[in-house]
Structure formats: C-alpha cells, structure tokens
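Peer 1: Just dropping this structure here.
The values are calculated or read from the model by the stated rules, or taken from the named source; none is laboratory data. Owing to the predicted nature of the structure, the values given are computational and were not obtained by experimental measurement. Note that each Cβ is placed from the backbone with ideal geometry, even for glycine, and that neighbours are counted across all protein chains shown. The accessibility values were calculated without ligands, DNA or RNA, using every heavy atom of the protein model including side chains. Shrake-Rupley method; radii C 1.70, N 1.55, O 1.52, S 1.80 Å.
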Amino acid sequence: MAVLQRKERVSDEIPTASMADIAFLLLVFFLTTTVFNEEKGLPIVLPEEAEEQDVSAKNIIFFILRPDGSVIVRRGERVLEQVVPFTQIEIILRSDMAANENLIAAVKTDPFAPYKHMINVLDEVKLSGADRISLQMLEE
Amino acid sequence: MDSTVFRKERDQPIDWANAEATEKIDEKRKNIVHVWVDREGTVFINDQIVPYESIAGVIRPLYTENRNLVVAIRGDREVPYNQINTITEQLQASGAVRVTFATRIEQQVQRARR
C-alpha cells in the first residue's frame, strides 16, 4: 500500500515578525546613549601673539580684580580709583560706554584671585554689551 | 542615530564657574577642544595630563589641522587666575585665539545671592 508522505513546504520569504522588536531595541538603545552636547560659555578672541596696539588712555577703563573679589575701577588717565562690588560693573560700564563708544574694558586680575572672580567680572562686562575687552594679569 | 555622540574624553571633576551672560557656542563638536583645569591646577587635554609649558605644543598641530578650532577652557572656579593666564598665553603662542571660558548658566536670582 502506497503511503502518501506529506511534504513540508519551505517558505521562500524572509521572516519579518521580529523586525519591529529589533527596530524598537535599536530605538531604545540610541535614545538612552545619545548625548546632546552643547558647549556653553563666555567666548572671547585673544589677541594674536605680539599683536600689541597703542590705545589712548582715555579709551580704557580698568577693572582691577583683587584676590578677595573686590574690584577697583580706574578710568584711563585719571588717578582717582573707586572700589566697587563686581555687581556694579555692568552699570558703570554701560554709562561709560554711552559717553565713549570706543571704550575698552580692561580686566586686570590678581594672579592669586580665584578664577570664579575673573568670570564674575567678565560676566558683568559681557552683560554690559562691551565687545572690546582686554584680559590681563596684574603684575606684582 | 545621526545625533549620537560617543564621547572621546572623560569629564574631569570640577566646580563650574557660573555666569549669567553664558551663551551657547555655535560650533561643531569636531571644532572644539577642551582644556580642563582641576582644583589642583592639573591640566588635561583629551584625557591626558599636559604640563603648562607643553600646552602650545599640543594645541598647535590641532590648530594647524583645523583653523576653525575653538578652545573651551573648563577651569575649576577656585583655580588661581595665574594658571588660567598661563593657559591663554600658551594658546596665543599656538595660534588658537578663539577661546571660550566654559561656564554654567546662572539665573538672575542666583546672581543676586552671590
């Protein structure tokens, strides 16, 4: 008696049932590993080396930063100095710039003053809208 | 997938300086090199400790290769300024004059409390 053998049919299609799982796994992987790096800070362009310019003293306002964070303000040619809290710098600079649009804000920092104090002063200078800024170290 | 960035360096433990005028630096990541200065004054560039006098030597070839290079100085808030000044002098010597003092954004309320 002849026995009929049932042939198994082999599908010629690629199984796609797990594609959605793989796609979601990849999605979750990249969602969790992605880092959006945003660089933030106070940008400044340093002068080129040996690029020194003579500037008229009347166009400079000095902010001399002491180690304790207090700031001495000295205007170019004048001998008169005033000690101010750094939070006043923005106001002082705004009013001085209104009178002289060529004004350069020169921040002179004591070598032993913590970096945060220099950032505080630079922050105020930036907030005032000054774009001519000079960073110097106070010479002993 | 397009936006994924695999970090090339480790963040160093620093106390960030805060500034209200902090702005986003609109520059491609490949154009930014970080110079870390920790509280002890140790300088790291790409996870390597770099002596102060060698900073220009490390940055110069990077700048020669990429003229759009921006150097982000990530200094600890307590580091004495003379160390930051040495770094900026070294950067000037290397030719890389576009610098950012990396800071955290500070709200006005916090600033008033400083």
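Peer 1: Given (1) over 19 Å from A:GLN136 (Cα atoms); (2) within 14 Å of the chain's Cα centre (by Cα); (3) more than 9 Å from chain A (Cβ to nearest Cβ); (4) not acidic (Asp, Glu), where does B:ASN66 come up short, assuming only one miss?
Peer 2: (2)
Peer 1: Also: Have a look at A:GLN88, A:GLN53, A:GLN82 and point out the one that is open to solvent by 20 Å² or more (accessible area, probe 1.4 Å) and assigned to a strand (DSSP E or B).
Peer 2: Result of the check over A:GLN88, A:GLN53, A:GLN82: A:GLN82.
Peer 1: If you don't mind, there's one more thing I want to ask. Looking at A:PHE30 and the list (1) open to solvent by 30 Å² or more (accessible area, probe 1.4 Å); (2) facing chain B (nearest Cβ under 8 Å); (3) without any contact (Cβ under 8 Å) to a residue 12 or more places away in the chain; (4) touching a strand residue (DSSP E or B) at 6+ places or on another chain (Cβ under 6 Å), which single condition is not satisfied?
Peer 2: (4)
Peer 1: Of the residues B:VAL71, B:VAL58, B:VAL33, which is among the β-branched types (Val, Ile, Thr) and part of a helix (DSSP H, G or I)?
Peer 2: Of B:VAL71, B:VAL58, B:VAL33, the one residue that is among the β-branched types (Val, Ile, Thr) and part of a helix (DSSP H, G or I) is B:VAL58.
Peer 1: Answer with yes or no whether A:PRO15 is open to solvent by 40 Å² or more (accessible area, probe 1.4 Å) and at pLDDT below 90.
Peer 2: Yes: the conditions hold for A:PRO15.
Peer 1: Does the range B:57-69 contain at least one residue that is open to solvent by 30 Å² or more (accessible area, probe 1.4 Å), acidic (Asp, Glu), without any contact (Cβ under 8 Å) to a residue 60 or more places away in the chain and at positive phi?
Peer 2: Scanning the range B:57-69 turns up no residue that is open to solvent by 30 Å² or more (accessible area, probe 1.4 Å), acidic (Asp, Glu), without any contact (Cβ under 8 Å) to a residue 60 or more places away in the chain and at positive phi.
Peer 1: Name the residues in the range A:93-140 that are open to solvent by 50 Å² or more (accessible area, probe 1.4 Å), among the polar types (S, T, N, Q) and within 13 Å of chain B (Cβ to nearest Cβ), would you?
Peer 2: A:GLN136
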